[in-house]
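The values are calculated or read from the model by the stated rules, or taken from the named source; none is laboratory data. Since the model is a prediction, treat every value here as computed from it, not as a measurement. Please note: Cβ atoms are built from the backbone with ideal geometry, for glycine as well, and neighbour counts cover all protein chains shown. Just the protein is used for accessible areas: all its heavy atoms, side chains included, with ligands, DNA and RNA removed. Shrake-Rupley method; radii C 1.70, N 1.55, O 1.52, S 1.80 Å.
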Amino acid sequence: MHRPSPSAARRAAARRPLLPALALVALAACGGGAKPASGDATSGDSAAGDNLVARTRAAAARDEGPVVCGPGTDEALTLAVREYIKQATPKPQRFLVSVGTDSALPEAGQRALQDKGPMYLFPAQPALQQQMRTLLHDKGDYTTLLLVLRDATRRDSTATVRLDGHYVGGEDDGKPAGPRVYQVSCAAGKWRLAGAAPERGA
């Protein structure tokens, strides 16, 4: 049996301790190092970042965007009708709305009238108008205003409403209430009266 020489045995013994050391280095490289403890600064930064993201998402969920006014001119018309009644002289106690004509007041305007007093429909035919006059007289000679819509237009967040009217029955029969024009604007989702004036040359 061949035995290694003493010098060869010493060289082999010198090389054996290197193998476990190399294995430990390889394991450390694959593991990526130890994780920081919960109180570590890196862990705190991560938690703060997570909280910031959560707050940002919550704020975005609450943000519904700019508030805008609904479509059409109904709300603007309602404001104009209320203002027309307030400015009318003498003060009307009940109201008439034309039916069967191009100047009939839309439903939104009629609701605004009903909030201020009794409202009746005033027909276009002369014979039916006389019947209505008789009915109103029988109910009492209250100051009665016939209100008509001349025009209602809208452009983006502004609207223009033109109203006209005259008194029917009693001592003020036939007296004009006057044509008036109203400027109405929308801001933050709400219509507001921006201006009102008699309409010249109407």
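Is it true that GLU75 is loosely packed, with under 12 Cβ neighbours inside 10 Å and assigned to a helix (DSSP H, G or I)?
Here the answer is no, as GLU75 does not meet what is asked.
Looking at the range 150-177, I want the residues that are within 17 Å of LEU113 (Cα to Cα) and have a partner that is aliphatic (A, V, I, L, M) and open to solvent by 60 Å² or more (accessible area, probe 1.4 Å) with Cβ atoms under 8 Å, at least 6 apart or on another chain. Which pairs are those?
That search, which allows pairs on different chains as well, returns ARG150/ALA202; ARG162/ALA202; ASP164/ALA202.
Are there strands (runs of 3 or more DSSP E) fully within the range 97-170 with at least 1 residues that are of a type in the set (S, T, N, Q), modelled with pLDDT of 95 or more and buried (at least 20 other Cβ atoms within 10 Å of the Cβ)? List them.
144-155
Are any residues in the range 126-149 touching a residue at least 12 places away in the same chain (Cβ under 8 Å) and not hydrophobic (A, V, I, L, M, F, W, C), and if so, which ones?
ARG133, HIS137, ASP141, TYR142, THR143, THR144
Regarding the range 55-69, can at least one residue be identified that is open to solvent by less than 30 Å² (accessible area, probe 1.4 Å), under 26 Å from the mean Cα position of the chain (by Cα) and modelled with pLDDT under 95?
Yes: one or more hits.
Which condition from (1) touching a residue at least 40 places away in the same chain (Cβ under 8 Å); (2) crowded, with 17+ Cβ neighbours inside 10 Å is the one that PRO90 breaks?
Status for PRO90: all satisfied but (2).
Taking into account only those residues within the range 171-187 that are open to solvent by 20 Å² or more (accessible area, probe 1.4 Å), in a strand (DSSP E or B) and among the aliphatic types (A, V, I, L, M), which is modelled with the highest pLDDT?
VAL181
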